[in-house]
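Student: Before we start, here is the structure in question, set down as structure tokens.
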Amino acid sequence: MDELLFVQKMSLLLYKTKKDILKPQTPFKKLKEWNLMFATSCIMMIEEEYNVSIHGKELSEANTLKELYSIIKTAQYAKYSK
């Protein structure tokens, strides 16, 4: 799983945000589009694209896209290392 590919996938959800400002260090919760609908869409995209479930708590712990990516990687490792 590539971090930049994850940012690209997130950019599809953030269709009102200029793509050139989205980087792994982007604090996505400070974007104008951040709301409950976006959070739900984000969780659904992660389940569909990365085959892991994260919950609102994990989402709330991440401040940047890089941190969210790290949570996904950790969830994948936990799921597939059993």
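No value in this document is a laboratory result; all are computed from the given coordinates. What you see is a predicted model, and the numbers here were worked out from it, not measured in a lab. Neighbour counts are summed over all protein chains in view; Cβ atoms, including those assigned to glycine, are modelled from backbone coordinates with ideal geometry.
Student: Just name the residue that is surrounded by the fewest Cβ atoms within 10 Å (Cβ to Cβ) out of those in segment 60-82 that are out of contact with any helix residue (DSSP H, G or I) (no Cβ under 6 Å at 6 or more places or on another chain) and aliphatic (A, V, I, L, M).
Tutor: So, considering only residues that are out of contact with any helix residue (DSSP H, G or I) (no Cβ under 6 Å at 6 or more places or on another chain) and aliphatic (A, V, I, L, M), the one surrounded by the fewest Cβ atoms within 10 Å (Cβ to Cβ) is Ala78.
Student: Would you pick out the residues in segment 5-40 that are exposed (fewer than 10 other Cβ atoms within 10 Å of the Cβ) and hydrophobic (A, V, I, L, M, F, W, C)?
Tutor: Leu36
Student: Oh, and also: Return the residues of segment 20-65 that are touching a Lys or Arg at 6+ places or on another chain (Cβ under 8 Å) and either touching a residue at least 40 places away in the same chain (Cβ under 8 Å) or of a type outside the set (A, V, I, L, M, F, W, C) (or both); say none if nothing qualifies.
Tutor: Residues satisfying the conditions are Pro24, Gln25, Lys32, Glu33, Glu49, Asn51, Asn63, Leu65.
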